[in-house]
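Encoded as structure tokens, the structure appears first; notes follow it.
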Amino acid sequence: MYNIAVIPGDGTGPEVIVEALKALDSTGVPYQTIEFGWGGEHYLKTGETLPEGAVDELRDFDAILLGAIGHPDVAPGILEKGILLNARFQLDQYINLRPVKLYPNVETPLRDKGPEDIDFTVVRENTEGIYAGMGGILYEGTPNEVSTQVNQTTYHGAARAIRYAFELTRRRDREKLLHLVFKTNVLTFAGATWWRAFNEIGEEYPDIKRDYMHVDAACMWFVKNPEWFDVLVTDNLFGDIITDLGAMIQGGMGIAAGGNINPEGVSMFEPIGGSAPKYTGQDVINPLAAINAAQMMLSHLGEAEAADRVENAVIKALESGRIESMSAGRMGMGTSEMGDFVAGLI
Ligand code: IPM
Ligand code: MN
């Protein structure tokens, strides 16, 4: 019996979580959930993002399923830092895993590219870099205002992300090709740390080919030749940016999911699209991203067979031709109808 912490969150988060749990139910994998009402509404009522002790409570679960965090009445940064980044950092979820996979019948904006061309995974370092929050602001509000935002990089942090990526490349057993993506031509200090870690650890994986790309070039090749990629590893900010590009080429925010992974601790799975407040409560948001997040969670928990059944059901649903688009409001069916459809196929 798995214990799953569920944080439905804001906007359309709760709606897509309902559909993800429907999919989980259909697998027959035994689980129970405890729901936590953290998010924008809770913050506006109480002034609290994650309450005292919340993170310790989360540590006792087998996994966490998150809907979305983000509220139009809360200033940018408060909920992101207070809930999402706080959980990622304190639970030491040092990998942000983002599969970029184009399923059949899903429209990609890339002309002449199909599912055989778009199937790679980005391993984003998830606890360091510019996200660590080092820096500050002086003489604020004056013409002399100075702000620094430090890109904090450690060998340990880069190395553990890189090692995870090598292991994943081996497990995927496809091209056996791992790209390091960075910006070593400008960020020469952090670049040196990533470069050394990549090559030193790479020596332990003689079966895996190593390649390097600057992050700007990677953006270019995601669009031009996505079939070149198998697994990529990169730092927190670059990973944030290129995985939104990745999400677009796999069909958009309606379908893209990610995992915040602590291989030795508790991991958190989420659709990566955000809370989409304007669609709240209209039964128009695409639940496939949340269902895919649940699929990643099953796979992480070691329920490979159930995870495959969920993925195959999503593929079958898409192959049926009944789903007209990945975009909210244009799917040809409602959120709950689509959830029922996929659950039925599981
Ligand atoms: C993501 C999101 C978050 C990030 C935001 C909401 C803090 O964009 O998961 O990619 O930047 O990591
Ligand atoms: Mn992002």
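Every number in this text was worked out from the coordinates using simple rules, so none of it is lab data. This is a predicted model, so every value here is computed, not measured. Cβ coordinates were reconstructed from backbone atoms using ideal geometry, including for glycine residues, and neighbour counts include every protein chain displayed.
What to note about this one:
- Net charge of neighbours whose Cβ lies under 14 Å from the Cβ of D62, counting Lys and Arg as +1 and Asp and Glu as -1: -3
- Averaging the Cα positions of each part gives two centres, and for the stretch 111-184 and the stretch 276-340 these lie 27 Å apart.
- Exposure proxy for L232, L245: other Cβ atoms within 10 Å of each Cβ, ordered fewest to most, give L245, L232.
- Excluding same-chain neighbours fewer than eight residues apart, the lysines reachable from K45 by a Cα-Cα span under 26 Å are K81, K278.
- Inter-label distance, nm, simple model (7 Å from Cα along the C-beta direction), E203/K278: 5.4
- The relative contact order of the stretch 129-234 comes to 30 percent, based on Cα pairs under 8 Å that sit 6 or more residues apart.
- Under 11 Å, Cβ to Cβ, from F182 - net charge with Lys/Arg +1 and Asp/Glu -1: -2
- Under-5 Å amide H pairs with L65, H placed in peptide plane, nonlocal only: A5, V6, I7, F269
- Contact order normalised by residue count of the chain, Cα under 8 Å, 6+ apart, percent: 25
- Straight Cα distances below 29 angstrom link K113 to the lysines K101, K176, K183, K209, K224, K316, with same-chain residues fewer than 8 positions distant left out.
- Calculated [222 nm] ellipticity per residue, helices only, for the chain: -11500 deg cm²/dmol; basis is -39500 (n - 2.57) per DSSP H run with n ≥ 4, divided by all residues, nearest 500.
- Electrostatic tally near N96: other residues with Cβ closer than 11 Å to its Cβ, Lys and Arg +1, Asp and Glu -1, net -1.
- Ranked for footprinting exposure by Cβ neighbours inside 10 Å, fewest first, E270, E319, E52 give E52, E319, E270.
- Taking trypsin sites (Lys or Arg not before Pro) across the stretch 255-346, the ones in a DSSP loop with at most 13 further Cβ atoms lying within 10 angstrom of their Cβ are R330.
- Ranked for footprinting exposure by Cβ neighbours inside 10 Å, fewest first, T153, T108, T12 give T108, T153, T12.
- What the phi angles of the stretch 77-87 give under the Karplus curve with 6.51, -1.76 and 1.60, with θ = phi - 60°, is a coupling list of x, 5, 6, 4, 6, x, 10, 5, 5, 4, 5 Hz, glycine and proline written as x.
- The HN-Hα couplings worked out from phi for the stretch 131-144 by the Karplus form 6.51 cos²θ - 1.76 cosθ + 1.60 (θ = phi - 60°) are 6, 4, x, 6, x, x, 9, 10, 6, 4, x, 10, x, 8 Hz, whole numbers, x standing for Gly and Pro.
- Spin-label model distance (nm) - S320 vs V146, 7 Å beyond Cα toward Cβ: 6.2
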